[in-house]
Amino acid sequence: WPAPPSVHALVTTRRGGASVGPYESLNLGSRCGDDPVAVLENRARLRAHFRLPTSPCWLRQVHGCEVIKAPRYDEPTADAVWTDQAKIVCAVLTADCLPVLLCDRRGLVVCAVHAGWRGLAAGVLEAAIKALPVAPAEVLAWLGPAIGPRAFEVGPEIRSLFVLGQPEARFAFVPSPRRRDAFLADLYELVRLR
């Protein structure tokens, strides 16, 4: 990611926190049923370990397209957060969804986007780029770790959501290994019948 030197980014794992049981260990999410005291401790550890200048602007993510401007400290409902102020930390939480980090070429604007399939289909990336006070051609993007096609399968109805709006999206979908044989058999039958 060729971000300017003024832009800093990080991705955490679940290690090094205070949560126990199914939330072990560095759970940063406040809405999953974890002990709120443990979540606050985990967030404090994150801030201290990385010497963050402020607490991150945490969101109540809903797999939608809402984009807000930071700083906000009330956990607003949104799936993207941006700022044009120095020393403001934008954050999204992901498990299998895609975190997308955006900035402009000069490093004056940053944005963090929670991009699950529902948000992607609904246009969360487009909404985030539109919200930024810079020309889209000036935006750089980094795609973080997310679940991939070997571990995540969608049905034809999900594929259709993407392809209807953007026909070129059909190239982003590949038959799963479990369905490949059936797909090839159907394709063979279709060609044979013509």
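The values are calculated or read from the model by the stated rules, or taken from the named source; none is laboratory data. What you see is a predicted model, and the numbers here were worked out from it, not measured in a lab. For neighbour counting, all protein chains shown are included, and Cβ atoms are generated from backbone atoms with ideal geometry for every residue, glycine included. Side chains are part of the model used for accessible areas, which takes the heavy atoms of the whole protein and leaves out ligands, DNA and RNA. Shrake-Rupley method; radii C 1.70, N 1.55, O 1.52, S 1.80 Å.
Data table
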{"quantity": "The lone exception for PHE171 - which of (1) within 30 Å of HIS8 (Cβ to Cβ); (2) open to solvent by 50 Å² or more (accessible area, probe 1.4 Å); (3) not polar (S, T, N, Q) it fails", "calculated": "(1)"}
{"quantity": "Candidate set: the range 61-93, residues that are free of Cβ contacts under 8 Å to residues at least 24 places away in the same chain and among the β-branched types (Val, Ile, Thr); chosen: the one least open to solvent (accessible area, probe 1.4 Å)", "calculated": "ILE68"}
{"quantity": "Residue that is at pLDDT below 95, open to solvent by 30 Å² or more (accessible area, probe 1.4 Å), part of a helix (DSSP H, G or I) and touching a Leu at 6+ places or on another chain (Cβ under 9 Å), where the choices are ALA146, ALA121", "calculated": "ALA121"}
{"quantity": "Any hit, the range 100-113, residues being within 16 Å of the chain's Cα centre (by Cα), touching a residue at least 12 places away in the same chain (Cβ under 8 Å) and either surrounded by fewer than 21 Cβ atoms within 10 Å (Cβ to Cβ) or farther than 20 Å from LEU10 by Cβ (or both)", "calculated": "no"}
{"quantity": "Residue in the range 96-108 that is in contact with a Pro (Cβ under 6 Å, 6 or more places away or on another chain), of a type in the set (A, V, I, L, M, F, W, C) and within 30 Å of VAL154 (Cα to Cα) present", "calculated": "no"}
{"quantity": "Matching residues in the range 149-168 - criterion: being surrounded by fewer than 11 Cβ atoms within 10 Å (Cβ to Cβ) and assigned to a helix (DSSP H, G or I)", "calculated": "PRO156, GLU157, LEU164, PRO167, GLU168"}
{"quantity": "Whichever residue in the range 124-143 is open to solvent by 80 Å² or more (accessible area, probe 1.4 Å) and of a type in the set (D, E, K, R) and, among such residues, is farthest from THR83 (Cα to Cα)", "calculated": "GLU126"}
